[in-house]
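Novice: Mind looking over this structure? Questions follow.
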Amino acid sequence: MDANDGFTVFAPSDDAVLGLSGQMADVLEYHISAHPVDPSGDFPQIVETAYNSPGLKGDPQVVIVESDNGDLTVNGQPVSQAGDGKKAIESNRVAWIHNIDKALELPEDPAAVANNNYDLSEFAAALASARLASKLKDALGITIFAPNNDAFEDFDLGDGDLSDILEYHIIEGVLYSTDIEAKVVETLEGNSITITTENDGVQVNGVNVISTNILTANGVMHVIERVLNPDDETEEATEDNRRQLLHDNGTNFLSSRQIFVPWTFLIWFYMRFPRNFSG
């Protein structure tokens, strides 16, 4: 990481750092980004961190930074007062320190993420029933369009194969909300889905995406309002769909301005990236 390019630290409190366990280096790297996150910028921002995730083929894991009338959140956690008179956000215009009360958690595997999300509990149960949880855990770099609980209430499996239907919701490659564009893409099941972007929204085979950017250890999950079925002729990516889509389609961070960072985090940061403190 080159501090001369500007960077961001999402700095948890001392108590939060002392309470960490497990792969502490990985977790702390997840709080650092080589990209300056200026609160006056456009949001949401998909921000790459210093943690390179095995599940993303060694690519950086990201955090989702959003703004609600200037109040920032990082993976849903508010950037807030850190105590001792510290500001929520410290900056010398090159380094940005966003103080947070709790340490950010590394994203889990898709089944665990779904199981911990109240609105995706039925999807998690379906993955377990189809014995796909382990397969998805081992997959590298995927995007999942996960039906919410209401979608499963209206779903009738009939003679379909649950495993095939669930794999029809998964594609290779990581598409965060900022990366989504109209296209036809092949799923793990083998058939293709059609992604469209209309009326400031995203649809998959005409089904609305109602929530985006739920991070997993090996990709991202977006929530949809209906179960997709590869055997449903009204949902198939037809040749007409394909034709229409083809048609449419510099300074060291230690300046004279003082920045306050929790001392525990600062000690770790100095040991991990000593060259950033050189003159």
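What follows is calculated from the coordinates using simple rules that are stated; it is not laboratory data. As the structure is a computational prediction, the values presented were derived from the model and not from experiment. In this analysis, Cβ positions are derived from the backbone assuming ideal geometry, glycine residues included, and neighbour counts consider all displayed protein chains.
Novice: Give the calculated FRET efficiency between VAL185 and ASP71 to the nearest 0.05, with a Förster radius of 41 Å applied to their Cβ-Cβ distance.
Specialist: On the way: r = 35 Å, r/R0 = 0.86.
The computed FRET efficiency comes out at 0.70.
Novice: For the stretch 23-76, taking Cα atoms only, what is the radius of gyration to one decimal and the Dmax to the nearest whole Å?
Specialist: According to the Cα coordinates of the stretch 23-76, Rg and Dmax are 11.9, 35 Å.
Novice: Note down the nm distance, to one decimal, between modelled labels 7 Å out along Cα→Cβ at ASP119 and at LYS102.
Specialist: My value for the distance between the label points is 1.9 nm.
Novice: Kindly write out, for the stretch 208-216 in residue order, the coupling ³J(HN,Hα) from the Karplus curve 6.51 cos²θ - 1.76 cosθ + 1.60 (θ = phi - 60°), rounded to whole Hz, with x marking Gly and Pro.
Specialist: Taking θ as phi minus 60°, the curve returns 5, 7, 10, 7, 10, 6, 8, 6, 10 Hz for the stretch 208-216.
Novice: Provide the per-residue ³J(HN,Hα) series for the stretch 173-189, in order, calculated from phi with Karplus coefficients 6.51, -1.76, 1.60 and θ = phi - 60°, each as a whole number of Hz, with x at glycine and proline positions.
Specialist: Each residue's phi maps through the Karplus curve to give x, 9, 10, 6, 4, 6, 9, 6, 9, 5, 5, 9, 9, 6, 9, 5, 6 Hz.
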